[in-house]
Every structure is written in structure tokens, then in C-alpha cells.
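A.B. asks: Take this structure first; my questions come after.
The values are calculated or read from the model by the stated rules, or taken from the named source; none is laboratory data. Quantities reported herein were computed from a predicted structural model and do not represent experimental measurements. Here the Cβ positions follow ideal geometry from the backbone for every residue, glycine too, while neighbour counts run over all protein chains shown.
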Amino acid sequence: MFADFRELPDQHQVDCDLCIIGGGAAGISIAREFIGTTTKVCVVESAQEYEDATQHLYQGAPQPAAKRARSIEDGVHYGVPAIHSRLRYFGGSTNHWGGYCVPLDPEDLEKHDWIPDSGWPIEWRELSGFYPRAQAVCEIGPYIYDDRLWRRTVDAPYAFDAQYLVNRFYQFSPPTRFADRYGAALKTASNITVLFNANVMNIGLAANAASVDHITLKSLAGKSGRVTARHFVLASGGIENARLLLASNDVASRGVGNSRDLVGRYFMDHLYDSVGSLLVSENPQRLMAQYAEITPESSGHPLAKAGPESDSVMFQAALSPSPAAKKRNSAGAVALFIRGDWSRVDEGVRAVYEAVERDGNSASESYGSYLLDILRNLDTALPAVKNLVQGKSPPHLPVLFAIAEQVPNRDSRITLAGEKDALGMPRARIDWRLSEQDRRTFAQMPDLLAAEFGRLGIGRVHKSPWLDEDALYLYRGDFSRILEPGRHHSGTTKMAHDPARGVVDADCQVFGVSNLSVAGSSVFPTIGSANPTLTIVALALRLADHLKDRLSR
Amino acid sequence: MNKRRRFLACLTTTALLPLLPVRRPKAAPQTDPENAELIRILLELLPDNPASCRLGDRALRHYRHIGNAEDFPDRLLGSAARTAVRTTDQMRRHLRSLSDADFAAGDTVTLDGWIMARSEAEAIALVSLYRTG
């Protein structure tokens with residue numbers, strides 16, 4: 001059922017078995033798993049629909065002046081104010097996600113000597129088994145993320161040397177708006193209550209601080225209440241999870257689960273930017289067929305569905321550095337998308353194609369794997385590169401767009417500010433810090449691509465000027481000023497074997513608090529280059545299974 | 001100008017002479033006769049447009065900066081080229097095999113942001129050397 005906290009009596013208390021704080025991708029995925037069970041579940045959510053006043057409870061504290069140029073909270077993300085980088089209403093950020101689905105790589109979970117604080121406390125098989133179920137929740141196809149997806153769509157894929165580059169596949173969710181898609185099922189479930197217009201103010205620990213006794217609620221109109229439960233799940237996003245734990249400091253003075261000063265640390269986000277552009281010397285149609293978004297026709301393709309073509313699941317391939325390359329470069333993971341308007345091929349490139357064809361040469365043998373053809377194009381290419389530097393996208397020079405991993409950084413963190421929101425909760429202050437290793441993660445790509453594109457005669461790469469070490473002074477060594485954050489807030493309650501290294505254990509339970517778990521990307525110890533939603537859902541399903549077992553005892 | 005002044009001016013000029021930049025007359029570089037035909041083919045192959053000339057100048061500066069501008073003709077136009085290259089098509093194939101090997105070895109050079117095989121950079125530098133003197 002749905003309930004409105006504003007219509008309940010003041011100081012009302014809800015009693016349940018399982019209380020889920022936050023109705024986003026993680027919270028809804030867990031709640032669904034309990035539909036029809038004997039477990040009484042309460043999902044606490046700030047609003048049913050978007051409201052400005054509720055959204056502004058997410059407003060972060062201003063950054064210190066020295067770091068104000070670009071930040072998670074005060075910057076601009078894709079043309080919208082940063083406060084909208086997450087959404088505080090039913091469905092959470094699935095109300096505006098783009099639908100990119102991709103699992104982490106097995107090596108993303110491993111400990112790497114060159115990445116400090118890397119390594120998940122769970123094995124790949126403990127996560128991978130939940131991806132197929134997560135695929136269904138996100139309404140995508142079967143769990144296939146390899147070149148089987150090119151069957152019937154790409155005739156002759158480029159054979160990149162797997163020591164340097166590997167293909168990475170994405171499936172696209174419609175995208176599923178979790179509240180729209182699953183809200184009705186939760187509403188009709190007799191054992192589930194979704195309590196709207198209730199903001200969690202405090203996680204009330206028992207006197208011995210070893211368990212949660214209740215959570216305190218407040219509406220924007222000032223009404224108060226509480227929820228008691230046998231178990232609580234905090235699922236309110238990578239920034240808010242840390243904020244709530246830190247702000248709940250009435251029993252544990254440093255906040256819940258924060259005896260080691262780890263809550264809020266290791267704040268990570270994906271880094272978005274162009275690493276360069278590509279002067280295509282091959283027939284661009286071949287590259288397009290391989291790396292553009294593809295909606296398979298319904299002819300035996302694994303992602304094709306019966307009915308109209310638009311019902312099929314769209315997929316796309318990207319390029320990533322191989323594990324060996326990342327190790328050689330002491331760098332993190334990257335997914336590289338080739339973007340461009342392929343219908344408007346550069347005039348210079350077209351002239352070369354035509355000249356080659358006029359001379360009677362076969363395209364596959366003669367296209368500009370030769371320097372000659374490249375140089376003939378530079379007259380037109382160079383002004384286009386200038387446009388690129390100025391932030392304009394030349395349609396005829398495909399852009400090499402990267403989504404890069406930020407490696408764990410203890411000093412990148414969420415803290416509480418002195419300023420308070422409309423409910424009296426301290427605002428979050430986000431000190432997002434990148435490292436030289438993060439710059440190296442980007443910088444490895446142009447050289448890897450240039451070597452392989454050159455070797456295979458695809459074209460030549462122009463490296464983005466910002467990756468030049470001589471340009472470091474332009475952004476005073478802090479390249480968070482020039483990058484676009486991915487809005488995938490992660491790492492602030494990281495998972496670990498040991499309470500000295502993380503906030504939650506391998507089952508996502510807060511160390512030292514027996515009935516409190518955390519769901520969402522805040523538990524990710526490392527983020528790889530994968531968009532997080534599919535993994536958030538997979539981990540939520542894993543936690544749901546664990547809680548079902550636990551609550552049935 | 002009195003004698004003393006003329007003497008002082010002459011003395012100053014003589015003292016400063018080693019410090020003044022010497023402007024050498026522009027002349028085509030010395031070419032190994034065996035390479036001359038190969039360079040003619042290379043010049044014929046590589047276009048004389050402003051962008052490639054600009055990039056060639058950068059390449060030449062790069063190789064002069066690292067001090068081996070005089071060495072790379074041997075690698076580019078060594079014994080393999082002398083026996084295998086008689087036409088622009090053969091030169092094209094020769095360069096292609098060199099650049100393939102460079103790319104496979106990750107032996108690249110970045111000029112104006114363009115990441116090129118070392119042999120490509122050497123080729124355009126060599127062309128620049130012979131076009132501009």
C-alpha cells in the first residue's frame with residue numbers, strides 16, 4: 001500500500017520487520033523481493049513525485065573558494081544544476097537515468113597492486129550470479145556481454161590485439177523508471193507499505209550502539225514520527241547514505257558505523273570527457289557498424305524480441321584497455337565510445353575515398369592506412385580539431401569519448417557542513433578529489449587507440465590537448481575543474497573484510513551494528529568503468545536474498 | 001669619430017663576435033647519392049599542402065631537438081628501401097611496413113596532438129628537411 005506520512009497523526013510510529021530507507025533502484029529492488037512474503041516491509045521515501053522543496057533537501061554546502069570551479073554540488077552537469085545530479089522522490093535517480101547497463105568486469109573486483117585500497121571482499125561468482133536477475137529488473141536482454149551480440153549485425157569485427165584493447169558491450173534499458181514500472185506492484189502488496197513525504201532525520205541506535213532501535217522521521221510541514229523494525233536498510237544514494245550515518249551522532253558521537261572515520265571517505269564518481277578525436281582513414285561505415293548503437297532486427301539475435309523492431313534491446317560496443325595494458329600503465333578502467341555523425345563524412349576523407357576508387361584500387365587495401373591519405377586530410381581536419389578544443393563538436397571527426405574509473409582516494413570525501421537544510425539536517429559538503437593516477441587512466445587511451453587504429457589502418461588519433469602534461473598548469477593540477485562528473489556517487493560506505501578498511505562487511509551489514517545494512521553504489525570499493533545501476537540492482541537482490549534468510553529465522 | 005672611439009668600437013665588435021648568431025645560407029642538405037632517388041620518390045609521394053608542411057616542420061624541429069635529425073634517413077631509406085623501392089607505390093608499401101612495425105611496437109610520436117608512427121614522423125620530417133633546406 002501507499003501511505004502519506006503527512007496524513008498520519010503526529011509522533012506516529014510504524015512497526016515493521018524490514019525498513020528500507022529510500023525508494024530508488026536499490027530500495028525498490030529489495031522491496032519487490034518481499035512481495036507476498038510474511039515479512040512486513042516499510043519503504044520510507046521523501047516524496048511520491050518531484051517537488052522543488054524536497055529536492056532542495058539535497059542541496060550541498062558551498063565549496064571552499066579555492067575549489068569552486070567545478071564540483072559535484074555546485075557545478076553544472078549536462079546543462080542542469082548539480083542539485084539534480086540525483087533525484088529525491090519515488091524511483092530516485094532512475095527517474096532520469098540513461099539506461100546504460102553493463103556488469104563490472106571480474107578484474108574490477110580484484111586487488112591490484114597499482115590501485116590503492118582496491119579489491120572487493122566478495123568473489124566474482126558471488127556477484128555475477130545476480131546479474132541475470134538484475135537484467136530482468138532493468139528490462140534488458142539475456143546476460144550476454146560479448147561478441148555474440150555482433151552475430152548477424154557485424155560481419156568482420158576489427159581484430160584488436162587483446163594485449164592492448166578489448167571490446168566492452170552495453171545493453172540499454174528502455175530506461176526502466178522503477179517507480180512507474182514497479183510502483184503498482186508495491187502498492188497492491190498487502191505486506192508492503194511505501195510511506196511518502198517522510199524524511200529520515202536520524203538513525204537511532206540502541207544505548208549500546210550495537211543495533212538500530214528506530215529511525216526518526218520528519219515532514220517538511222514539521223510533523224514527526226518514527227519507524228521501528230527488526231532490520232533496516234539504508235538505500236538513499238552515495239551522498240545521502242554517508243550524510244545520514246554521519247548526522248546520526250546522538251549515541252555514537254562520530255556517527256553510525258564511523259568509529260574508524262571511514263564513513264564518507266573514498267567518494268568516487270566516474271569521469272567523463274573526450275580523450276581525442278579520430279581521423280578515419282578506413283571506410284567509416286565499417287567502424288560505425290561495429291561501435292554505433294545497434295537495435296537488432298528480429299532474426300535470431302539474442303537481444304531481438306518478437307514484434308516491432310523497437311521492442312528489441314539496443315546494444316553498443318565500446319573499447320577498453322586490456323587488463324595487461326592497465327597494469328602496464330598503472331591506471332584504472334576506461335570505456336571508450338566512438339561518437340560522431342556518421343552521415344556527414346569529412347569532405348577531405350570523402351575526396352580521398354573517391355580518388356582511391358578512381359584509381360581502381362580496392363578500398364580495403366588502399367584506404368588511408370597510409371600516411372599520404374592522412375596528410376591529405378589535415379587541411380580540413382586541423383580546423384575541425386580547433387573547433388573541438390573550443391567545445392564545438394565537428395560532425396565529421398568522430399570523438400573518442402571516455403568514461404573513466406576514479407580510483408579510491410581516502411581524501412575524497414563527504415563531510416557534514418555547518419549549514420542546515422529546511423529540516424535542520426546538516427548539509428553534505430563534498431570534497432571531490434582526483435589524483436594523477438586518474439589523469440593517467442584517461443591518458444593511456446589515446447596511445448593505445450593510436451597504436452591499434454594505426455596498425456589496423458583505421459585512422460589516426462588526435463589527442464585532446466588537456467591530456468598533455470604541459471597543459472597541467474591550465475587547471476592548476478586539479479583536473480576535476482575541467483571534467484564532467486558521471487553522477488555515479490560511490491564508495492562512501494565501502495565494503496570490506498575488515499572494519500579497519502570499510503564501513504560494511506561482505507554482506508553489506510554495517511560493522512558493529514547488527515541490524516543495519518547499506519544498499520547502493522556507496523558500498524562499491526572500486527567502480528571500474530561500468531555504469532552502476534545494473535550492479536546496484538544485482539547487489540540489492542543479493543542483499544534481499546540474505547535478508548530473507550535472516551528474517552525468516 | 002676619433003681614433004680612440006673607432007678603436008673601442010672595433011674592440012667591442014671583435015669581443016662580441018663569437019656571441020652573435022651565425023646565419024647560415026639556406027642550402028639543400030648533403031645527400032648520399034644512393035638516397036637521392038629515394039628522396040625524390042618520397043617528395044613525390046608526400047603532398048605539399050600547408051597542413052602537412054606545418055606538421056613536417058614540427059617533426060623536423062622535434063628530431064633536431066632530440067639531436068638525431070641526421071640519423072633517420074638511414075632507417076627510412078636504408079638497404080631495404082634501396083633494393084625494394086623504385087616507384088611511389090613501392091615507397092608507399094615500404095612506409096606502410098615500417099609504420100606497421102612501429103605501431104605494433106607502440107613506437108609512436110605525438111606532433112601537434114597527432115599520434116603517428118615514428119617512421120611517419122621521420123618521413124614528413126625528412127620531406128620538410130629537403131623542401132625547406
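A.B. asks: Could you check region A:172-200 and list, in sequence order, the residues that are of a type in the set (D, E, K, R) and not in a loop (DSSP other than H, G, I, E, B)? Reasoning before the result, please.
C.D. replies: Of region A:172-200, the ones of a type in the set (D, E, K, R) are A:177, A:180-181, A:187.
Passing the criteria: A:180, A:181, A:187.
A.B. asks: Another question about this same structure. Here is a check on your reading of the model: is residue A:217 closer than 30 Å to residue A:491 by Cβ and of a type outside the set (Lys, Arg)?
C.D. replies: Details: closer than 30 Å to residue A:491 by Cβ: yes; of a type outside the set (Lys, Arg): yes.
Spelling it out, residue A:217 is indeed closer than 30 Å to residue A:491 by Cβ and of a type outside the set (Lys, Arg).
A.B. asks: Can we say residue B:129 is at the interface with chain A (Cβ under 10 Å from one of its Cβ atoms) and surrounded by 19 or more Cβ atoms within 10 Å (Cβ to Cβ)? Reasoning before the result, please.
C.D. replies: Details: at the interface with chain A (Cβ under 10 Å from one of its Cβ atoms): no; surrounded by 19 or more Cβ atoms within 10 Å (Cβ to Cβ): yes.
For residue B:129, the condition - at the interface with chain A (Cβ under 10 Å from one of its Cβ atoms) and surrounded by 19 or more Cβ atoms within 10 Å (Cβ to Cβ) - is not met.
A.B. asks: The conditions are (1) within 19 Å of the chain's Cα centre (by Cα); (2) without any contact (Cβ under 8 Å) to a residue 12 or more places away in the chain, and residue A:184 fails exactly one of them. Which is it?
C.D. replies: All conditions pass for residue A:184, except number (1).
A.B. asks: Quick check: is even one residue across region A:4-13 surrounded by fewer than 20 Cβ atoms within 10 Å (Cβ to Cβ), under 22 Å from residue A:180 (Cβ atoms) and either in contact (Cβ under 8 Å) with a residue 40 or more places away in the chain or touching a strand residue (DSSP E or B) at 6+ places or on another chain (Cβ under 9 Å) (or both)? Working first, answer last.
C.D. replies: Our first condition is that a residue be surrounded by fewer than 20 Cβ atoms within 10 Å (Cβ to Cβ); within region A:4-13, this holds for A:4, A:6-13.
Applying the additional criterion that residues be under 22 Å from residue A:180 (Cβ atoms) yields A:4.
Now narrow it down to the ones that are either in contact (Cβ under 8 Å) with a residue 40 or more places away in the chain or touching a strand residue (DSSP E or B) at 6+ places or on another chain (Cβ under 9 Å) (or both): A:4.
Among the residues of region A:4-13, at least one is surrounded by fewer than 20 Cβ atoms within 10 Å (Cβ to Cβ), under 22 Å from residue A:180 (Cβ atoms) and either in contact (Cβ under 8 Å) with a residue 40 or more places away in the chain or touching a strand residue (DSSP E or B) at 6+ places or on another chain (Cβ under 9 Å) (or both), which makes the answer yes.
A.B. asks: Of the residues that make up region A:442-449, is at least one touching a Phe, Trp or Tyr at 6+ places or on another chain (Cβ under 6 Å), within 14 Å of chain B (Cβ to nearest Cβ) and farther than 27 Å from residue A:213 by Cβ?
C.D. replies: So the first thing to find is which residues in region A:442-449 are touching a Phe, Trp or Tyr at 6+ places or on another chain (Cβ under 6 Å), and the list is A:448.
Next cut, within 14 Å of chain B (Cβ to nearest Cβ) only: A:448.
Then keep just the ones that are farther than 27 Å from residue A:213 by Cβ; that gives A:448.
Yes, region A:442-449 contains a residue that is touching a Phe, Trp or Tyr at 6+ places or on another chain (Cβ under 6 Å), within 14 Å of chain B (Cβ to nearest Cβ) and farther than 27 Å from residue A:213 by Cβ.
A.B. asks: Let me ask another. Mind listing whichever residues of region B:24-40 are modelled with pLDDT of 80 or more and within 16 Å of the chain's Cα centre (by Cα)? Show your work before the answer.
C.D. replies: Of region B:24-40, the ones modelled with pLDDT of 80 or more are B:36-40.
Scanning region B:24-40 gives B:36, B:38, B:39, B:40.
A.B. asks: Consider residue B:16 carefully, then state whether it is out of contact with any Cys (no Cβ under 7 Å at 6 or more places or on another chain) and modelled with pLDDT of 80 or more.
C.D. replies: Working: out of contact with any Cys (no Cβ under 7 Å at 6 or more places or on another chain): yes; modelled with pLDDT of 80 or more: no.
No; evaluated as a whole, the condition is false for this residue.
A.B. asks: Can you tell me which of A:160, A:169 is of a type in the set (A, V, I, L, M, F, W, C) and outside any loop (DSSP other than H, G, I, E, B)?
C.D. replies: Numbers: A:160 fails: outside any loop (DSSP other than H, G, I, E, B).
After applying the criteria, what remains is A:169.
A.B. asks: Considering A:281, A:248, which residue is at pLDDT below 80 and surrounded by 22 or more Cβ atoms within 10 Å (Cβ to Cβ)?
C.D. replies: Working: A:248 fails: at pLDDT below 80.
So the residue among A:281, A:248 that is at pLDDT below 80 and surrounded by 22 or more Cβ atoms within 10 Å (Cβ to Cβ) is A:281.
A.B. asks: Mind listing whichever residues of region A:167-221 are β-branched (Val, Ile, Thr), surrounded by 19 or more Cβ atoms within 10 Å (Cβ to Cβ) and out of contact with any helix residue (DSSP H, G or I) (no Cβ under 7 Å at 6 or more places or on another chain)? Spell out the reasoning first.
C.D. replies: Of all residues in region A:167-221, those β-branched (Val, Ile, Thr) come to A:176, A:188, A:192-194, A:200, A:203, A:212, A:215-216.
Those left that are additionally surrounded by 19 or more Cβ atoms within 10 Å (Cβ to Cβ): A:176, A:192-194, A:200, A:203, A:212, A:215.
Residues satisfying the conditions are A:193, A:212, A:215.
A.B. asks: For residues in region B:94-126 being more than 20 Å from the chain's Cα centre (by Cα) and within 9 Å of chain A (Cβ to nearest Cβ), which is surrounded by the fewest Cβ atoms within 10 Å (Cβ to Cβ)?
C.D. replies: Pass one, region B:94-126, residues more than 20 Å from the chain's Cα centre (by Cα): B:97, B:100-101, B:103-106.
Narrowing further to those that are within 9 Å of chain A (Cβ to nearest Cβ): B:100, B:103-106.
Values: B:100: 17, B:103: 25, B:104: 15, B:105: 12, B:106: 16.
Taking the candidates together, the pick is B:105.
A.B. asks: Based on what the data block shows, is residue A:500 modelled with pLDDT of 85 or more, more than 19 Å from the chain's Cα centre (by Cα) and within 14 Å of another protein chain (Cβ to nearest Cβ)?
C.D. replies: Numbers: modelled with pLDDT of 85 or more: yes; more than 19 Å from the chain's Cα centre (by Cα): yes; within 14 Å of another protein chain (Cβ to nearest Cβ): no.
Criteria not met by residue A:500.
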